[in-house]
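Chemist: The structure that follows is given in the form of structure tokens.
Values in this text are rule-based calculations from the coordinates and carry no lab data. Note that the structure is a prediction, hence the values are computed from the model and not measured.
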Amino acid sequence: MINKQSYSVQMNYTVPDSEKRIAKGAAKKFEYLISKMDRLVNYLDIIYTPLKETSTLDMDLIENNRLTFRKYRDVVIGKFEQICGSTDNANKDYIAKDCVMMMESFNADTATEEMMGPFIKSVKELEKYKDMIVSIFSNLNDQDFKDNLIAVIDSIKKQVNQIKQLVNDRILEHIYNNILANNWSDNMEIDDVSKDYQSKEHVPLVVQLFNERRKALSGGK
């Protein structure tokens, strides 16, 4: 506690404006990361919700719409790669990597170093679930398709919540209260690059298929 307090006092008086600009940019980038993870979870819920509500999955529905389900998979993969990159293209920029790079300016601070290590580890853990999604969708004929997909989405949601808690409770709190010495009420305006998460997501065909099938089974009601 003493070390944290003395660091906070030191940062309030010695952080130059150039580093504060970097810290503001980093905070925006972490907030952008959270918005992208929320969008990933919301998109997964498009298939997760009807699967949870379906007692027995109609395998003919999947078989007859294989292309639609794989297009849905590709969108999910794209959202993963925006957040945590891809092992196939490690040099490509992605949001979590940008967050880490922006915080490198504060690596001399032990507190920053201690929280960025767990952040990097958590993001790498989230990235593994992308491969699980690929594996599940590569075998649409699997009778356990529904259960496997529900299980992996539950795990993704848990991992996303862990990352968000780390970012909100430790990293952003550290940036605002120690580096920038701001209160949480002094929120910065979200720049243009962060605004796209506010746009309405187009509902994919996969959810229409579930809805139409449910309607048909209920006699069109």
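Chemist: Can you list the HN-Hα couplings for region 92-102, worked out from phi with the Karplus curve (6.51, -1.76, 1.60; θ = phi - 60°), rounded to whole Hz and with x for Gly and Pro?
Modeler: For region 92-102, the Karplus curve yields 6, 6, 8, 5, 4, 5, 4, 4, 5, 5, 5 Hz.
Chemist: Of Lys29/Lys146; Lys92/Lys128; Lys24/Lys71; Lys24/Lys79; Lys29/Lys157; Lys92/Lys146, which ones are farther than 27 Å apart at the Cα?
Modeler: Lys29/Lys146; Lys24/Lys71; Lys92/Lys146
Chemist: Can you work out the Karplus-derived ³J(HN,Hα) for every residue in region 58-67? Use 6.51 cos²θ - 1.76 cosθ + 1.60 with θ = phi - 60°, whole Hz, and x for glycine or proline.
Modeler: Each residue of region 58-67 in turn: 7, 5, 5, 4, 5, 4, 7, 10, 4, 4 Hz.
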